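This report concerns only the one structure given below.
The values are calculated or read from the model by the stated rules, or taken from the named source; none is laboratory data. Just so you know, these numbers come straight off a predicted model, no measurement behind them. Note that we place each Cβ from the backbone using ideal geometry, even for glycine, and neighbour counts take in every protein chain shown.
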Amino acid sequence: GAGVSQSPRYKVAKRGQDVALRCDPISGHVSLFWYQQALGQGPEFLTYFQNEAQLDKSGLPSDRFFAERPEGSVSTLKIQRTQQEDSAVYLCASSLPRRLAASGEQYFGPGTRLTVT
Amino acid sequence: GNSVTQMEGPVTLSEEAFLTINCTYTATGYPSLFWYVQYPGEGLQLLLKATKADDKGSNKGFEATYRKETTSFHLEKGSVQVSDSAVYFCALRGPYGQNFVFGPGTRLSVLP
């Protein structure tokens, strides 16, 4: 498709359940980012991939959060043993590599709204 | 570390009023600066950007100038419309890093 797509758009999980959130970046975008956006806040960085390599995971809040991009395209963010504080919108963004786009503007998907009950 | 501060909302204006949303940043070196907009029920969309000092980004009647001396990137529009009602996020990307740092967002409501 033309833009970044994410699925599911909404997810309700019981506390303690595992969830998996999917991101399909724009074709040809080698850089992929995950952000967490709490209600009424700006997005906060979680992790970054260049192709299949996870180059920065400094924003992941705990070891319950895990992301992968095994073939350098689709990415999955997994949250194990979900907690109520994990409730947020999870945004995926993709971009061209910095050497091809100096400003490195990022294109965002619509997000997955996760509610942990 | 890098950070972005923007004026708290909500901001409520009448149609055709002048808009300013303040944004200041802290960063090492020379970051790239962005304004993103989030319309109700939609994802973040790039509104405008500037990559070096004194650059002016503009789009859809919105403008922002990269001011290094004041570390600011204030968003302005001369005459807002009801359709401009949205949440506006100021963001930066550091010169050496990859990820964006966002401000908390400013909600704008424009009344007819």
Does B:GLU8 fit the bill of being touching a helix residue (DSSP H, G or I) at 6+ places or on another chain (Cβ under 7 Å), more than 10 Å from every other protein chain (Cβ to nearest Cβ), more than 12 Å from B:PHE89 (Cβ to Cβ) and surrounded by fewer than 16 Cβ atoms within 10 Å (Cβ to Cβ)?
-> no
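Would you mind stating whether A:ARG9 is among the basic types (Lys, Arg), exposed (fewer than 13 other Cβ atoms within 10 Å of the Cβ) and within 24 Å of B:PRO104 (Cβ to Cβ)? Explain how you work it out, then say what you get.
Numbers: among the basic types (Lys, Arg): yes; exposed (fewer than 13 other Cβ atoms within 10 Å of the Cβ): yes; within 24 Å of B:PRO104 (Cβ to Cβ): yes.
Criteria met by A:ARG9.
Identify all residues within segment B:54-112 that are β-branched (Val, Ile, Thr) and more than 12 Å from the chain's Cα centre (by Cα); write none if there are none.
Step one: filter segment B:54-112 for residues β-branched (Val, Ile, Thr), giving B:65, B:70-71, B:80, B:82, B:87, B:101, B:106, B:110.
Answer for segment B:54-112, where residues must be β-branched (Val, Ile, Thr) and more than 12 Å from the chain's Cα centre (by Cα): B:THR70, B:THR71, B:VAL80, B:VAL82, B:VAL101, B:VAL110.
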Is it the case that some residue within segment B:42-49 is under 30 Å from A:SER5 (Cβ atoms), more than 15 Å from the chain's Cα centre (by Cα), at pLDDT below 95 and surrounded by fewer than 18 Cβ atoms within 10 Å (Cβ to Cβ)?
-> yes
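With respect to B:SER58, determine if the residue is more than 27 Å from A:THR112 (Cα to Cα), surrounded by 13 or more Cβ atoms within 10 Å (Cβ to Cβ) and away from chain A (no Cβ under 13 Å).
Spelling it out, B:SER58 is indeed more than 27 Å from A:THR112 (Cα to Cα), surrounded by 13 or more Cβ atoms within 10 Å (Cβ to Cβ) and away from chain A (no Cβ under 13 Å).
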Members of segment B:96-112 that are outside any strand (DSSP E or B) and closer than 20 Å to B:PRO31 by Cα = B:TYR96, B:GLY97, B:GLN98, B:ASN99, B:GLY103, B:PRO104, B:GLY105
Output for Cβ contacts, cut-off 6 Å, separation at least six or different chains, first residue at the interface with chain B (Cβ under 9 Å from one of its Cβ atoms) in segment A:50-66, second part of a loop (DSSP other than H, G, I, E, B), reads A:GLN50/A:VAL30
Restricting the search to segment A:78-117, which residues are modelled with pLDDT of 95 or more, outside any strand (DSSP E or B) and among the basic types (Lys, Arg)?
-> A:ARG81
Restricting attention to segment B:53-95, the residues that are over 17 Å from A:GLU105 (Cβ atoms) and assigned to a loop (DSSP other than H, G, I, E, B) number exactly 13
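How about segment A:28-49: which of its residues are surrounded by fewer than 17 Cβ atoms within 10 Å (Cβ to Cβ) and free of Cβ contacts under 8 Å to residues at least 24 places away in the same chain? Outline the logic, then answer.
First, pick out the residues of segment A:28-49 that are surrounded by fewer than 17 Cβ atoms within 10 Å (Cβ to Cβ): A:28, A:38-41.
Matches in segment A:28-49: A:GLY40, A:GLN41.
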Give the residues of segment B:11-41 that are within 11 Å of another protein chain (Cβ to nearest Cβ) and surrounded by fewer than 13 Cβ atoms within 10 Å (Cβ to Cβ), sorted by residue number.
-> B:GLY41
Which pairs do you get when a residue that is touching a residue at least 24 places away in the same chain (Cβ under 8 Å), found in segment B:1-28, comes within reach of a residue that is part of a loop (DSSP other than H, G, I, E, B) and among the aromatic types (Phe, Trp, Tyr), reach meaning Cβ atoms under 7 angstrom, with the pair 6+ apart or on two chains?
-> B:CYS23/B:PHE73; B:TYR25/B:PHE73
